[in-house]
Structures are given as structure tokens and as C-alpha cells.
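Inspection log for the structure reproduced underneath, given as C-alpha cells.
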Amino acid sequence: MGELEDAVMTRVWKWNRPVTVREVLEDLQQERSLAYTTVMTVLDNLHQKGWVRREAEGRAYRYEAVSTRAAYAAALMNDAWSQSDNPAAALVAFFGMMSDEQRQALRDAMRIVQVPSSAPEPEDGETADTEAADTETATPAEAESPESASPSEPPAASTGGKPGTTPAENPAKTRDEKNPASDGGGTGR
């Protein structure tokens, strides 16, 4: 998303209602000089990219966000991570750049989505890790808190820039987990 597209989408997300080109233009003009047709073109481009939907109202359109800013940020992170040749190293580097507040937000998010532990099952005679038993479980009220993602958000996975698409909707980006030779488009054996 370009800088002007981001400025327009920021307003659409912030207002959280269908908006007209005129409303966006008047708000943007507090910061910079723009023509009506420029904002109209940006909103049309965002519509073509799938970031906003529009409904005719008289001779104009009202535009509404298809997805949330949080879903957009998640899609950017997912795209960047999926392009890494070493996803684990990319995550380690990313976590190393995080502030304490960001790390706490990550812990909170992990608790909300209840990511299953990848720890091996205890063998006979061993006890299960008590940390997993003590982990808080998010209640529906916590999951709907303003600090967390909205439950009505589309999946964060991105498959080519359009919000709300999942890998299942794009077979070229999925992998057959039972066949490691499969890369979504390879020949396998």
C-alpha cells in the first residue's frame, strides 16, 4: 500500500463507517493540498485491490473497509515471513527487535489464540509441565477487548495482497503437510 493509500485507509479504518470521497478529501486537506479526483482515484484503486467495498449513493459512492488495520498488519507480517528462506531465523531476529511492550503484547496474543504447545508428551514416570496447566485461558470477553483483534476480522493470512483470503483459497500457496516434497506447485516424486 502506498503512502497516500495508507493515509486514506487510516481514515476509513478510524471512522469505521462508510465514507464519501468528499469526507476523506476534507480531512486529508488539513495536512496537504489534494484534488477531489486524486482521492477518488485512490479509493477506486483500493476498491480494485479489494481493501474497500463501495455502494452507490446518488451519483457518488460510499466506501467501507473490507478488513481491519490489524488484519492488514498481520498480512504484511505474514507476507514478509513467508518470503524468508529461514522462517525460524527470521522470527528470532524479529523477536530480538521487539520492545518489552511488544513482547508482552505477543504473550497476550498467544494466550488469546491458545496456541497448542509443541512440547513432546511426557513418557511414563515423567510429570507433565505444570506451566501448561497454569496458562491462563482467554475468556470471550478478553478476546473481544479493544487490545485484541476483533472476532469479526478475516483470517490474517495473505495470499497476494487481498484481505481476507486464506491459503485454502489459493492452492498455489498451500503445502501438503503429509508430503514434504510438495511445495504447493512442485512435482513431488
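Odds and ends about this structure:
- Being over 17 Å from the mean Cα position of the chain (by Cα), surrounded by 15 or more Cβ atoms within 10 Å (Cβ to Cβ) and more than 30 Å from residue 109 (Cβ to Cβ) is true of residue 23.
- Some residue of the stretch 42-57 being open to solvent by less than 60 Å² (accessible area, probe 1.4 Å), over 16 Å from residue 3 (Cβ atoms), assigned to a helix (DSSP H, G or I) and polar (S, T, N, Q): no
- Within the stretch 14-24, the presence of a residue that is in contact with a Ser or Thr (Cβ under 8 Å, 6 or more places away or on another chain), in a helix (DSSP H, G or I) and among the basic types (Lys, Arg) is excluded.
- Of the residues making up the stretch 76-92, those that are open to solvent by 50 Å² or more (accessible area, probe 1.4 Å) and not in a helix (DSSP H, G or I) are 83, 85, 86.
- Close pairs from the stretch 88-108: first farther than 20 Å from residue 70 by Cα, partner open to solvent by less than 60 Å² (accessible area, probe 1.4 Å) and not in a helix (DSSP H, G or I), Cβ under 7 Å, at least 6 apart: 90/84
- Filter pass, residue 75 being in contact (Cβ under 8 Å) with a residue 24 or more places away in the chain, of a type outside the set (D, E, K, R) and within 16 Å of residue 6 (Cβ to Cβ): yes
The values are calculated or read from the model by the stated rules, or taken from the named source; none is laboratory data. The model shown is predicted, which means the values in this text are computed figures rather than measured ones. Because the Cβ atoms are built from the backbone with ideal geometry, glycine has one as well, and the counts that use them run over all protein chains shown. Side chains included, ligands, DNA and RNA excluded: accessible areas come from the protein's heavy atoms. Shrake-Rupley method; radii C 1.70, N 1.55, O 1.52, S 1.80 Å.
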